[in-house]
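Below is one structure, written out as structure tokens; the observations come after it.
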Amino acid sequence: SQQGEEDPQALSIQEGENATMNCSYKTSINNLQWYRQNSGRGLVHLILIRSNEREKHSGRLRVTLDTSKKSSSLLITASRAADTASYFCATGRLLWGSQGNLIFGKGTKLSVKP
Amino acid sequence: SQTIHQWPATLVQPVGSPLSLECTVEGTSNPNLYWYRQAAGRGLQLLFYSVGIGQISSEVPQNLSASRPQDRQFILSSKKLLLSDSGFYLCAWSGLRDSYEQYFGPGTRLTVT
């Protein structure tokens, strides 16, 4: 079953603009992750934020987490055409003790026009 | 560094035929291994995961099966493919310490005709 729901489903912006994608989830989590997928390729891990963290940065990426609202946002600043991809949030839950498992949303398709 | 391989990259199979997709990981020991399926325009659905040789857990009952004959080898199989098995199949691994971060292979595009 799907836990994360990304919003919007699709986003089209001009190069240089900021892109914001949101993710909502339903149950308690240990962590939330964002992944990127170029068309027809595998997923690439971008950033992980733990349930006790509120904000995290990595290069042009900024992720926030609000566990009271069960939501997260991914901000890509100064977007580039190469950022065009689908972005997925995934929530981590525990299985078999320390074993992690992820539940993915349906993704936001970002298109950055040059 | 760690790398993950999947083959074949694309596959077209008739309904009722068998399936075998292979995934191997290099540069790490005792990884957790995962098989996902991604339907067109959809998110990822976890099919199987494994924490060790011969240890397979199924998330979704279906006509697919998985095996882990070696530490870094994960195989997805079917005896008889259905049309609904078409999709993009992704293998992923995670380490014991960072079991929450998963690293994906390039995927196999399966079309059942």
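The values are calculated or read from the model by the stated rules, or taken from the named source; none is laboratory data. Just so it is clear, the structure is predicted and the values come from calculations on it, not from any experiment. For neighbour counting, all protein chains shown are included, and Cβ atoms are generated from backbone atoms with ideal geometry for every residue, glycine included. Ligands, DNA and RNA are excluded from the accessible area calculation, which covers all protein heavy atoms including side chains. Shrake-Rupley method; radii C 1.70, N 1.55, O 1.52, S 1.80 Å.
A few comments on the model shown:
- For the stretch B:1-60, filtering for residues that are within 13 Å of chain A (Cβ to nearest Cβ), part of a loop (DSSP other than H, G, I, E, B) and open to solvent by 10 Å² or more (accessible area, probe 1.4 Å) leaves 9.
- Checking each residue in the stretch B:31-49 for being under 14 Å from B:Leu21 (Cβ atoms) and of a type in the set (S, T, N, Q) picks out only B:Gln38.
- Any hit, the stretch B:86-101, residues being away from chain A (no Cβ under 14 Å) and either in contact with a helix residue (DSSP H, G or I) (Cβ under 6 Å, 6 or more places away or on another chain) or open to solvent by 20 Å² or more (accessible area, probe 1.4 Å) (or both): yes
- For the stretch B:16-25, the count of residues that are under 20 Å from A:Gly92 (Cβ atoms) and among the small types (Gly, Ala, Ser) is zero.
- Taken over the stretch A:1-49, the residue count meeting the criterion of being within 11 Å of another protein chain (Cβ to nearest Cβ), surrounded by fewer than 19 Cβ atoms within 10 Å (Cβ to Cβ) and of a type in the set (Ser, Thr, Tyr) is 2.
- In this structure, B:Leu83 qualifies as in contact with a strand residue (DSSP E or B) (Cβ under 7 Å, 6 or more places away or on another chain), farther than 23 Å from A:Val44 by Cα, open to solvent by 50 Å² or more (accessible area, probe 1.4 Å) and modelled with pLDDT of 90 or more.
- The stretch A:63-84 - residue that is open to solvent by less than 10 Å² (accessible area, probe 1.4 Å) and among the hydrophobic types (A, V, I, L, M, F, W, C) and, of those, nearest to the chain's Cα centre (by Cα): A:Leu74
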